[in-house]
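The block underneath contains the structure these notes are about, expressed in structure tokens.
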There are 2 protein chains.
Amino acid sequence: MYEVELKCRADHDALREKLAELGAEHVDNRTQTDTYYDAPHRDFAETDEALRIRHEQSVDREGQPANSEAVTKITYKGPLVESESKTREEHETVVDSEAALEGVLSGLGFEPAATVEKDREFYTLEGYTVTLDNVRGLGEFVEIEREATEPEVETVRDGAVDVLSALGLDPSEQIRTSYLGLLLAAEDT
Amino acid sequence: MYEVELKCRADHDALREKLAELGAEHVDNRTQTDTYYDAPHRDFAETDEALRIRHEQSVDREGQPANSEAVTKITYKGPLVESESKTREEHETVVDSEAALEGVLSGLGFEPAATVEKDREFYTLEGYTVTLDNVRGLGEFVEIEREATEPEVETVRDGAVDVLSALGLDPSEQIRTSYLGLLLAAEDT
């Protein structure tokens, strides 16, 4: 399966009104702290890969931690296979112990390189996941996502563009740089 | 914490009698399939490290799968810090998806190198874990294990030697090579 994903900057208050008008369903809110790792044997910036530990906590509408426990995941993202929609191979699994996972990566020579923190508000609309992202240091964004098999990728991408338009956003203002990339670029200036 | 561990060859039928005499408590039986990985950037045989995916299934006394689900763990073992008792730094965590973990490792360039399969019968005796291991291709062994903080290592090792003697085994017949090492050596001959 591939992850088809479009992203652009968007004012969240305006977006919430639009989502309500279109009958989007609110799913949940989560805070994610993503730690990206450097590899000892490859320059991930050059190979266009990523290795990440994600610490995720469900929160209520006011941003307070919900009753459920925090979850830790390890994720590997391969290079782009379809650049238009940022489609990549991805492998992800939940792990029991974040500390042990950090120990495994550190033992193998992988080092934490950058951290991305964001508050995410999830909706579903016409089969797509619409996510309102508030990224620490970057501001407000929206992401339109859906999984697709390889032959579906183009159709699913066209549908994502339609959702973006329906939300009153301009598909030509898509941002193809990851939050990590945007943060690193902001640090450089 | 460090894992203090002694190991030697031992006839399991004789050992079970001894364990019963000494009042050891049977804990459970498990089948473990361990896949060891080669790294793309280091020769683990030279650096004395290991990276392993363990697939573990609880079994009943007859070796039939118990009701509990199989568990997958990732483990990193660092180089020996105390060679006498095979003490090493170790990081291990349970993961939800074995297939996703294999995808992460494969994406990063790690490759499966060797597999060790064993049936394990666990007992506790005087604070130590006594394990009767039947290793596919190698035969019957016993392991005496216990966790220790750094200052405790020597005392805990002496205690493990005492347990080995109490079980009628000769501490001078200890094997310091891992099952993986023994299997690779057997393949080479």
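The values are calculated or read from the model by the stated rules, or taken from the named source; none is laboratory data. The structure displayed is predicted, hence computed values, not measured ones. In this analysis, Cβ positions are derived from the backbone assuming ideal geometry, glycine residues included, and neighbour counts consider all displayed protein chains. Quick note on the areas: whole protein, heavy atoms, side chains included, nothing else; ligands and nucleic acids left out. Shrake-Rupley method; radii C 1.70, N 1.55, O 1.52, S 1.80 Å.
Here are some notes:
- For region B:40-52, Karplus couplings with θ = phi - 60° (6.51, -1.76, 1.60), whole Hz, Gly/Pro x: x, 10, 8, 9, 4, 4, 7, 7, 6, 10, 8, 10, 9
- Most mobile listed residue (B:E21, B:E145, B:E102) in chain B, GNM with C-alpha springs under 10 Å: B:E21
- Prolate/oblate/rounded call for region B:1-108, Cα gyration tensor, a/c under 1.5 rounded: oblate
- The residues of the protein assembly as shown expose on average 50 square angstrom of accessible surface per residue, using a 1.4 Å probe on protein heavy atoms.
- Each peptide in A:132-141, B:58-67 was scored by the mean count of other Cβ atoms within 10 Å over its residues; highest first, the order is A:132-141, B:58-67.
- Interface residues, region A:24-43 - accessible area loss of 10 Å² or more versus chain alone, probe 1.4 Å: A:P40, A:H41, A:R42
- In this simple spin-label model, placing a label point 7 Å from the Cα along the Cα-to-Cβ direction at both B:R136 and A:D158 gives a separation of 5.0 nm.
- The distance from the alpha carbon centre of region B:2-65 to that of region A:3-49 is 43 Å, rounded to a whole number.
- Here region A:77-173 is treated with +1 on each Lys and Arg Cβ and -1 on each Asp and Glu Cβ, and its dipole about the Cα centre works out to around 220 debye.
- For a paramagnetic label modelled on B:H41 (point 7 Å from Cα along Cα→Cβ), amide N atoms under 18 Å away belong, within region A:26-66, to A:35-53.
- MRE, 222 nm, helices only [DSSP H, n ≥ 4, -39500 (n - 2.57), over chain A, to nearest 500]: -7500 deg cm²/dmol
- Top of B:A24, B:A100, B:A148 by mean-square fluctuation, Gaussian network on chain B, Cα under 10 Å: B:A100
- Counted by Cβ distance under 14 Å from A:A66, the other residues give a net charge of -4, where Lys and Arg count +1 and Asp and Glu count -1.
- Between the Cα long axis of helix B:98-107 and the first principal axis of chain B there is an angle of about 50°, rounded to the nearest 10.
- Neighbouring Cβ atoms from other chains, within 10 Å of the Cβ of residues in A:103-114, number 4 on average.
- Interface size, chains B and A: roughly 1800 Å² of accessible area buried, both sides included, 1.4 Å probe, rounded to the nearest 100.
- Positive-end extreme of charge dipole, chain B - chosen from B:L184, B:H26, B:V153 (charges on Cβ): B:L184
- Net charge of Cβ neighbours under 10 Å - reference A:E117; Lys, Arg +1; Asp, Glu -1: 0
- A:C8 long-range amide H proximity, modeled H, under 5 Å: A:V142, A:I175
- Average beta-carbon neighbours from other chains, 10 Å sphere, peptide A:68-81: 2
- On a per residue basis, the convex hull of the C-alpha atoms belonging to region B:131-189 measures out at 103 Å³.
- Phi to ³J(HN,Hα) by Karplus 6.51 cos²θ - 1.76 cosθ + 1.60 over region B:176-181, Hz, x for Gly, Pro: 9, 7, 5, 4, 4, x
- Selection from B:L164, B:T75, B:C8 lying farthest towards where the dipole of chain B points positive, charges on Cβ: B:T75
- Long-range HN-HN contacts of A:T93 with modeled amide H, under 5 Å: A:I74
- Assigned charges on the beta-carbon of Lys, Arg, Asp, Glu; chain A dipole about Cα centre (debye): 240
- The mean number of partner chain beta-carbon atoms within 10 angstrom of a residue's beta-carbon across peptide A:180-186 is 0.
- By accessible area, using a 1.4 Å probe on protein heavy atoms only, region B:1-117 has 42% of its surface on carbon and sulfur.
- Rg/Rh for the protein assembly as shown (Cα atoms only, Rh after Kirkwood) is 1.07.
- Size of charge dipole - the protein assembly as shown - debye, nearest 20, with Cβ of Lys, Arg +1 and Asp, Glu -1, no other charges: 40
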